[in-house]
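Data block below; observations after.
The values are calculated or read from the model by the stated rules, or taken from the named source; none is laboratory data. The structure displayed is predicted, hence computed values, not measured ones. Counting neighbours? That spans all protein chains shown, and the Cβs are built from the backbone with ideal geometry, glycine included.
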Amino acid sequence: MTNNYLSASLASDASANFGRIEWVLQGLIILSLLAFALETLPDLSPLQLQALHGFEVFATVVFTVEYVARVWLTRPWRRYVFSFYGLIDMLAIAPFYLSLGVGSESLRSLRLLRLFRILKLARYNVAMLRFYRALVIAREELILFGAMALILLYLAGVGVYQFEHVAQPEAFRSVFDGLWWALCTLTTVGYGDVYPVTAGGKLFTFAILVVGLGVIAVPVGLVASALTLAREEIERATGQGMQNPSARPMVSSDD
């Protein structure tokens, strides 16, 4: 009976208990990330540091209970432990336990692992689930356009180097300087520290920007279409699950 209750609370999207638990966990994740930032303030008193440490202990205990419960409820347990979210849940609590046996210098780097907690938010957000499904649906096309973007980036870096190296030897000393310019230009960061001054370089930049806009715009459209398909897919799955609750797994293999 206890196993069934916890299973419904942790794995059933239709469960009121799950709804309450997920909101508590989301809030705790956000507060723990805020506490991580507060710990970096330079003028904290010993009492404030102690309070932040106490909250970290509390959050770690809660996340540990969640992790153990999910391991217990999943059959086989390896399906969860070695899944994406299983690894994220482990990384979210590992820094605290690892810090118990290491020095202060190692602790500083281990604390960065706590930032993995932000990825836990995706599990409790339906919109994030839809976005993940959309990326899965359009993954082949996105990989293709990602490769095209890298090729365009390289060609832009080499091209601008050829046009500008003689006119600006200090700004474009190598192809790598050209790649830095191409990255800033194609991502529209536009630091302005390096820019073409020759007529050929300016025309080349115009052509690269036109092609670059197309390379960026097409994947956006693909993801938008995939989001629509993902929404329909999730709604169908949710509807079938509501009609046949016994068909739901205790814990999703994606968790």
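For Tyr195, state whether it is among the hydroxyl-bearing types (Ser, Thr, Tyr), over 27 Å from Ile88 (Cβ atoms), part of a loop (DSSP other than H, G, I, E, B) and not assigned by TED's automatic domain parsing to the domain that holds Leu91. Quick ask: steps written out before the conclusion?
Working: among the hydroxyl-bearing types (Ser, Thr, Tyr): yes; over 27 Å from Ile88 (Cβ atoms): yes; part of a loop (DSSP other than H, G, I, E, B): yes; not assigned by TED's automatic domain parsing to the domain that holds Leu91: yes.
Criteria met by Tyr195.
Table: residues versus (1) surrounded by fewer than 16 Cβ atoms within 10 Å (Cβ to Cβ); (2) assigned to a loop (DSSP other than H, G, I, E, B); (3) not assigned by TED's automatic domain parsing to the domain that holds Glu233.
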residue	(1), (2), (3)
Phe116	no, no, yes
Leu119	no, no, yes
Gly157	no, no, no
Gln162	yes, no, no
Gln168	no, yes, no
Gly178	no, no, no
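Put simply, of Ile88, Ile21 the only residue that is modelled with pLDDT of 85 or more and closer than 24 Å to Tyr132 by Cα is Ile88.
Confirm whether Ala69 is in a helix (DSSP H, G or I), in contact (Cβ under 8 Å) with a residue 40 or more places away in the chain, under 22 Å from Asp89 (Cβ atoms) and not charged (D, E, K, R). In short, yes. Checking the stated criteria, Arg123 turns out to be assigned to a helix (DSSP H, G or I), over 17 Å from Thr228 (Cα atoms) and touching a residue at least 60 places away in the same chain (Cβ under 8 Å).
Checking the condition surrounded by 12 or more Cβ atoms within 10 Å (Cβ to Cβ), out of contact with any Ser or Thr (no Cβ under 6 Å at 6 or more places or on another chain), modelled with pLDDT of 90 or more and of a type in the set (S, T, N, Q), which residue from Gln48, Gln26 passes?
Testing whether each residue is surrounded by 12 or more Cβ atoms within 10 Å (Cβ to Cβ), out of contact with any Ser or Thr (no Cβ under 6 Å at 6 or more places or on another chain), modelled with pLDDT of 90 or more and of a type in the set (S, T, N, Q) leaves just Gln48.
Hey, any hits in the stretch 125-132 for a residue that's farther than 19 Å from Val215 by Cα and touching a helix residue (DSSP H, G or I) at 6+ places or on another chain (Cβ under 6 Å)? Checking the stretch 125-132: at least one residue is farther than 19 Å from Val215 by Cα and touching a helix residue (DSSP H, G or I) at 6+ places or on another chain (Cβ under 6 Å).
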